[in-house]
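See below for the structure under consideration.
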Amino acid sequence: MTDVPSPAAVRLIRIPAGLVVLVGPPASGKTSFVRALLARRQIEEHSVVSSDRIRAELFGDSPAETDSDAVDTRVFEERDRRIVAGLAAGRSVIAESTNVTPQARARLLALAQRFDAPVTMLRFTSEITDLLEQHRERGRPDVTAEDVRDYTTIMVREAGADQLRSEGAAAVHDVPGRREGLTPAAAAGLFSFS
């Protein structure tokens, strides 16, 4: 895989200030992409609002303790609170969760509308074989291969680029990955954040 795209091949994708919604099934590379953006100093740590990180902060890492509707409600209430705080302060915010359903995205779009913040959606589209391989590599006990398949099915059905635009996204971009032969660091190098 390539770590750095050749300068001739790069067409920098500029992401305006506002809410950036990552959309992709588990194991699609969202967290690795965010880590690469942070490592490259393209974004600041406080701009990332991760539902997985919030879940770990509030409830620890034990899957048994973090797998309930009440826990999900608390996690996403806190995620929304952090997004609102960032947008209210005039900062860009990156919402890092799967966001594959229209309901999940509608909640985020409503938050952005409160602050007249444009919404950019970054899609993480991978072949199921790549996703299952990445899932095995990362070894997360809280997510099963069946979960990866289910979220991928929902993504294909409900998170196409045209669908995201019709929901209110100002811009939609696909983030390249393993299928295109790019590492998360190389993919991060294709984007510029305001």
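The values are calculated or read from the model by the stated rules, or taken from the named source; none is laboratory data. If you're wondering where the values come from, they're calculated on a predicted model, not measured in any experiment. Don't worry about glycine lacking a Cβ; one is built from the backbone with ideal geometry, like all the others, and counts go over all protein chains shown. What goes into the accessible areas is simple: the full protein's heavy atoms, side chains included, and nothing from ligands, DNA or RNA. Shrake-Rupley method; radii C 1.70, N 1.55, O 1.52, S 1.80 Å.
Helix-only estimate, please: 222 nm mean residue ellipticity of the chain, summing -39500 (n - 2.57) across DSSP H runs of length 4 or more and dividing by its residues, to the nearest 500. Each step should come with its number before you reach the end.
Details: 8 runs with 89 residues, N = 194.
About -14000 deg cm²/dmol.
Averaging over every viewing direction, what projected area does the convex hull of the Cα atoms of the stretch 106-194 cover, in nm²?
7.0
Say a paramagnetic label sat at a point 7 Å from the Cα of Q42, along Cα to Cβ; which residues of the stretch 158-194 have their backbone N under 19 Å from it?
170-194
Would you kindly calculate the mean projected area, averaged across all directions, of the convex hull enclosing the Cα atoms of the stretch 144-194, in square nanometres?
5.0
Could you state the principal axis extents of the C-alpha atoms in the stretch 33-107, from the largest down, to the nearest angstrom?
Projected onto its principal axes, the Cα set of the stretch 33-107 covers 35, 26, 22 Å.
Could you tell me the convex hull volume per residue, in Å³, taken over the Cα atoms of the stretch 49-182?
Working: hull volume 16.0 nm³, N = 134.
Considering the Cα atoms of the stretch 49-182, their hull volume per residue is 120 Å³.
Jot down the radius of gyration and Dmax of the stretch 69-136, Cα atoms only, both in angstrom.
14.2, 41
Pop out the carbon and sulfur fraction of the accessible area of the stretch 154-194 as a percent, whole number, probe 1.4 Å.
That share works out to 53 percent.
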